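Undergrad: Got a structure for you, written out below as structure tokens; questions coming shortly.
The values are calculated or read from the model by the stated rules, or taken from the named source; none is laboratory data. All values reported here derive from a predicted model rather than from experimental measurement. Quick reminder, even Gly has a Cβ in these numbers, built from the backbone with ideal geometry, and neighbours come from all protein chains shown.
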Amino acid sequence: MSAASSRTAPVRSALSRILAVSAGIAALLVLGVASPALAHDELIGSTPSPDEQVTTAPASVVLTYSAAIMPEGAEVIVVDAAGKDWTDGAPVIDTNTLTVPLASDIPEAGYLVEWRVVSSDGHPISGTIPFAVGQATPLQSSQATPDAGADGMSVVPFVVGGIVVVVVVVVVVVVVALAVARRRTTPPARD
């Protein structure tokens, strides 16, 4: 075995260990970034419930979530087909329950509850709940205001961003390892 090949064997071994560790770190980072993003809280119940026809107008709308919600950024409107908001006050949050009072003179008609809150993980979640008072038909989001509907966040940017960060870290580690390996294997210059 020549002197050059005996010097490159430890470098190759070290480089393969660095690549293995980098791949493990990359896997952990990708899984760590993707898992929390997929675990958003969700609406688990409401009064009135979706598509419910109530005989008399409710005094309030109550939304129940799978975990505590943050008071910052909570928004709820209850609109009719003309886009009129029938809420009568600010939403009140008690841990995982949000209650918003309704106007006392709410007429028989179809309505759409449009809600948006910040979940316990800090991400906004939103949705709609159609219901009706009396013999009316529950209002669907296409019949209400033009911007009605859910606008949940996609996890794709988080996953792609995590992968990009991991790739950059792995490339930097490999470049540094190669530079160190070259420095160790290059014989000193002679004068």
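Undergrad: Note down all Cβ pairs under 7 Å where the first residue falls in the range 162-173 and is under 11 Å from residue 18 (Cα atoms), the second is of a type in the set (Gly, Ala, Ser) and surrounded by 12 or more Cβ atoms within 10 Å (Cβ to Cβ), and they're at least six residues apart or on different chains.
TA: 170/22; 170/26; 173/22
Undergrad: Checking the condition in a loop (DSSP other than H, G, I, E, B), surrounded by fewer than 17 Cβ atoms within 10 Å (Cβ to Cβ), at pLDDT 95 or above and not polar (S, T, N, Q), which residue from 146, 188, 107 passes?
TA: None of the other options fit; the residue is 107.
Undergrad: Now for a different question. For residue 47, only one of the following conditions fails: (1) surrounded by fewer than 18 Cβ atoms within 10 Å (Cβ to Cβ); (2) at pLDDT below 95. What is its number?
TA: Every listed condition holds for residue 47 apart from (2).
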